[in-house]
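Asks: Take a look at this one; I'll ask things after.
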Amino acid sequence: NFLSSINEDIDPRRTAVTTPKGETRQLVKDGFLVEVSESSRKLRHVFLFTDVLLCAKLKKTSAGKHQQYDCKWYIPLADLVFPSPEESEASPQVHPFPDHELEDMKMKISALKSEIQKEKANKGQSRAIERLKKKMFENEFLLLLNSPTIPFRIHNRNGKSYLFLLSSDYERSEWREAIQKLQKKDLQAFVLSSVELQVLTGSCFKLRTVHNIPVTSNKDDDESPGLYGFLHVIVHSAKGFKQSANLYCTLEVDSFGYFVSKAKTRVFRDTTEPKWDEEFEIE
């Protein structure tokens, strides 16, 4: 849930841009979301202003040049509608990434993080550390793109629909509620001129509250090394289920910010009160 965690931590203060007509347009919320575009996942930076939702990507620029956003699309909030729950949940063009591949990625990232820490502890060459960091960033970026699965659809009443994949229901409801709250105001439909769109997109870099792609390789190096050792766990039983189901328990360990599955109990079939009484030793 990297995206939701980074997007939750943003500064809630509002910032604003003045339109060419002299009106104030405030930035209410922004964050990184995964958009499904042409059947592939793309990382976007989404900006919610008081009257418009703008989806952008950061342009690739050469070193030393000022970074800019490229607007992929925008919807005036007066024209933005949410599809019905049935339509919203249906995502025929989205192929979920296999769980075992996501787990492999997490383990690879965790191993790379350990390697980096060992290199630092042994006063390793900075070139070797940078190489490991680059490899870790590539894996983290892949995980960031491929782990979100919760569909969040929005529709422009004048035409096109757009689909984002989010990390949690909570994150989806946050975006939906923020938009719906603004839609309670007396909003007018409009079309931005090329100059207005340029001004608005140009302001995004200055106004954004989320600055970096949310991966641990972007965080400070002076973070705590965390705990090491063996954890002895006994899973006894579970209760409180209202319907019979095939139940099992999975144990995951937070390894440098990524939860990696370490153990799993056997499955108790067609029950509401499984009794496993299984022991595990997790490294």
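The values are calculated or read from the model by the stated rules, or taken from the named source; none is laboratory data. Given the structure is predicted, the values throughout are model-derived calculations rather than measurements. Cβ atoms come from the backbone with ideal geometry, glycine included; neighbour counts cover every protein chain shown.
Asks: Is it true that some residue in segment 141-161 is in the same structural domain as A78 (by TED's automatic domain parsing), within 30 Å of A189 (Cα to Cα) and without any contact (Cβ under 8 Å) to a residue 12 or more places away in the chain?
Replies: Yes, that holds for at least one residue.
Asks: Taking the criterion of being part of a loop (DSSP other than H, G, I, E, B), surrounded by 19 or more Cβ atoms within 10 Å (Cβ to Cβ) and modelled with pLDDT of 85 or more, would at least one residue in segment 46-57 satisfy it?
Replies: yes
Asks: A further question follows. Taking I116 and the conditions (1) surrounded by 15 or more Cβ atoms within 10 Å (Cβ to Cβ); (2) in the same structural domain as Q26 (by TED's automatic domain parsing), which numbered condition does it fall short on, given that it satisfies the others?
Replies: For I116, the failing item is (2).
Asks: Mind checking which pairs have a first residue in segment 229-249 that is farther than 30 Å from S114 by Cβ and assigned by TED's automatic domain parsing to the domain that holds V267 and a second that is in a strand (DSSP E or B) and among the hydroxyl-bearing types (S, T, Y), Cβ under 9 Å, 6 or more apart or different chains?
Replies: From segment 229-249, the pairs are F241/T271; S244/T271; A245/T271; N246/T271; L247/T271.
Asks: I'd like to verify a number: residues in segment 137-172 that are closer than 19 Å to A78 by Cα and either modelled with pLDDT of 90 or more or not in a loop (DSSP other than H, G, I, E, B) (or both), how many?
Replies: Of the residues in that region, 10 qualify.
Yes/no matrix, rows are residues, columns are (1) among the hydrophobic types (A, V, I, L, M, F, W, C); (2) modelled with pLDDT under 90; (3) surrounded by 11 or more Cβ atoms within 10 Å (Cβ to Cβ); (4) under 19 Å from E103 (Cβ atoms):
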| site | (1), (2), (3), (4) |
| --- | --- |
| S224 | no, yes, no, no |
| L227 | yes, yes, no, no |
| A238 | yes, no, yes, no |
| F241 | yes, no, yes, no |
| F256 | yes, yes, yes, yes |
| K264 | no, yes, yes, yes |
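Asks: Let me ask something else. Taking T201 as the residue in question, decide whether it is outside the structural domain of Y69 (by TED's automatic domain parsing), at pLDDT below 95, β-branched (V, I, T) and more than 30 Å from K133 (Cβ to Cβ).
Replies: So T201 fails the test.
Asks: Let me spell it out: the conditions are (1) assigned to a helix (DSSP H, G or I); (2) surrounded by fewer than 13 Cβ atoms within 10 Å (Cβ to Cβ); (3) at pLDDT below 85, and E130 meets all of them except one. Which number is the exception?
Replies: The single condition E130 does not satisfy is (3).
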